Every structure is written in structure tokens, then in C-alpha cells.
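Peer 1: Starting off with a structure, shown below.
Each value in this text was obtained by applying a stated rule to the coordinates, not by laboratory testing. Because the structure is predicted, anything quoted here is derived from the model rather than measured. Cβ sites come from the backbone with ideal geometry, for glycine too, and all protein chains shown count toward neighbours.
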Amino acid sequence: MSNITTFPDAHLPTEGELRARKNVLIQVWRFAILNVKMIVMVTKGHH
């Protein structure tokens, strides 16, 4: 019995998506946006 699971219908990333995932500047930008969203969510929760 094999423990390997495959997903033949899964979406494969395009060339542009792979390039964006490897780009450090894009990663930093997305990280910053995520942090801003979390800060907004936390501040709205405290009345």
C-alpha cells in the first residue's frame, strides 16, 4: 500500500506565478499587506 497521494486535477502554477513566488520584493510586499490587514482586524475587535 502506498502513502503517496496525487491530485491529477490540481491547478499547476503558470510561469508568471512561479516567478512571483521566487521574487523577494513581491514576497515582502505581500507580507506587509498581510500584516496591515491583521492590524486592522485586531484594532476593530477592541472597542
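Peer 1: At 7 Å along the Cα-to-beta-carbon direction for both Asn3 and Leu34, put a label point, then send me their distance in nm to one decimal.
Peer 2: Calculated label separation equals 2.7 nm.
Peer 1: Short version: ³J(HN,Hα) in whole Hz for each residue of region 28-37, in order, from phi by Karplus 6.51 cos²θ - 1.76 cosθ + 1.60 (θ = phi - 60°), x for Gly and Pro, what are they?
Peer 2: 4, 4, 5, 5, 5, 4, 4, 5, 4, 4
Peer 1: What label, among (1) 20.1, 69; (2) 17.8, 55; (3) 25.8, 80, belongs to Rg and Dmax of the Cα atoms in Å computed from the structure on display?
Peer 2: (2)
Peer 1: Residue by residue through region 19-26, which ³J(HN,Hα) values in whole Hz follow from phi under the Karplus form 6.51 cos²θ - 1.76 cosθ + 1.60 (θ = phi - 60°), with glycine and proline marked x?
Peer 2: Using θ = phi - 60°, the values come out as 5, 5, 5, 8, 7, 5, 4, 5 Hz.
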